[in-house]
Amino acid sequence: KIDYIKVLQVQQVELSAGYSFISSRIISEDPDFQAICSDILPNLNFVRNTAGDMLRKIGPNWINGIGDWITTEGYLFRMNNADELIILGEIIDPQTPISLITGYQFISFLPESPINALDVFTDVLVNLDFVRNSIGGMLRKIGPIWVNGIGDMNPGEGYLVKMLNADE
């Protein structure tokens, strides 16, 4: 009998005060959203997912309306103060498909290294309206030309995507 040792990886995501789109390339052993964010709760205002569900404080209590962290989803974090989110767990296969719905959604970026945004979305350009990062950079079509105002997509960052039609 061979015993395998589970090797845990760490992902550190810098959170600035204000709004940020966040994702993780790590799946925590405890996927509960509030548990993953437990160390940053003193500086967190709220987190929202694509569906509008939130992790937020009501009175003295944190209410987790999101449930578990979904690895293919990105999240909108609103921080009162800068902090660092540390996620410990197993690496997600960077080739994991992400279902893209018609309209708006937050998505994750799973690769370990930065990749040019236009290269990431090449296979879905026919159905893509635009992609936006946390600081407002966009991948969008101007006339017949796709313009990459994002540059590289980065681990730890989430992205707002607007699709004209569903794709993957």
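Throughout, read-outs are computed from the coordinates displayed, never taken from laboratory work. What you see is a predicted model; the values in this text were computed from it and never measured. Counting neighbours? That spans all protein chains shown, and the Cβs are built from the backbone with ideal geometry, glycine included.
Summary of values
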item: Anisotropy class of the stretch 76-139 from Cα gyration tensor, a/c 1.5 cut; result: oblate
item: Estimated FRET transfer efficiency (ASN165, TYR19; beta-carbon r; R0 25 Å; 0.05); result: 0.35
item: Equivalent ellipsoid semi-axes - Cα gyration tensor, the chain, angstrom; result: 27, 21, 14
item: Qualifying GluC sites (Glu not before Pro) in the stretch 70-129, DSSP loop, other Cβ atoms within 10 Å at most 14; result: GLU112
item: Part-to-part distance (alpha-carbon centres) for the stretch 136-168 and the stretch 12-68, which is given in Å; result: 24 Å
